[in-house]
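Notes for the one structure printed next.
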């Protein structure tokens, strides 16, 4: 199989390659065409994590063909040391049947990811929320407050991805005080309104907090 991922932003090439290989038989080869070295390295990390064989042909600075093949007994071979095995066992105890990790919450307090260029930060945040929808393990709750409140409202590029998370069982909660402050109360598109008491309750009770 061959995927042309040139011109696509992270994490799309990784996610599409992962999907293509999920049910592939042993020996199946997936060729992924990308146009930058970062994409090559990201695909390599994904392959190593999954226990897949990896190779790359660099035809030019803008065209690299990454070859990933399924190897081992079954669809994947993943080496896990004893310490990791304990950690994975713990995860299973706190997992729901639909892949939600109990006690894990994502806290988004801005419309951008990281500091620096605002346009880049918005692109990163959009990509991060999309990447959340593609995870095997998802947070129990996504909390949106301050600038993050815009992400669940009309006009946001992330509304559909947040709806996808909600459909998969993730609770999407947006700060009501923030909605009022930014005059967004009538523009909420996904999830429900929350308050500072519940936000504090969720964060203090959380076992894992993700802050992009």
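What follows is calculated from the coordinates using simple rules that are stated; it is not laboratory data. What you see is a predicted model, and the numbers here were worked out from it, not measured in a lab. All Cβ positions, glycine included, derive from the backbone under ideal geometry; neighbour counts span all protein chains shown.
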| said: With a 10 Å cut-off between alpha carbons and a GNM built on the chain, which of 38, 199, 108 moves the most? | reply: 38
| query | Using Cα-only point scatterers and the Debye equation, what is log10 of I(q)/I(0) for segment 1-48 at each q in 0.13, 0.24, 0.26, 0.32 Å⁻¹, rounded to two decimals? | reply | -0.26, -0.86, -1.00, -1.40
| said: Compute a Gaussian network model of the chain, connecting alpha carbons closer than 10 Å, and tell me which residue from 139, 13, 25 fluctuates the most. | reply: 25
| query | In segment 1-27, which residues have a backbone nitrogen under 17 Å from the label point lying 7 Å from residue 44's Cα in the Cα-to-Cβ direction? | reply | 14
| query | What is the helix-to-structure angle for 37-50, meaning the angle in degrees between its Cα long axis and the longest Cα principal axis of the chain, kept from 0 to 90 and rounded to the nearest 10? | reply | 80
| Of every Cα-Cα pair in the chain, the percent that sits beyond 21 Å | 61
| task | Once you've got the GNM for the chain with C-alpha springs shorter than 10 Å, pick whichever of 196, 188, 162 has the biggest mean-square fluctuation. | result | 196
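Using 0.36 nm per residue of separation minus the Cα-Cα distance, give me the extension gain between residue 37 and residue 119 in nm, one decimal. Numbers along the way, then the final one.
On the way: separation 82, 0.36 × 82 = 29.52 nm, distance 2.19 nm.
Gain in length upon complete extension: 27.3 nm.
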| note | If one compares the long axis through the Cα atoms of helix 118-133 with the longest principal axis of the Cα atoms of the chain, the angle in degrees, nearest 10, works out at 80
| request: Two decimals is fine: what's Rg over Rh for segment 100-210, C-alpha atoms, Kirkwood radius as Rh? | output: 0.94
| request: Give me the angle, in degrees from 0 to 90, between the Cα long axis of helix 82-93 and the longest principal axis of the Cα atoms of the chain, rounded to the nearest 10. | output: 50
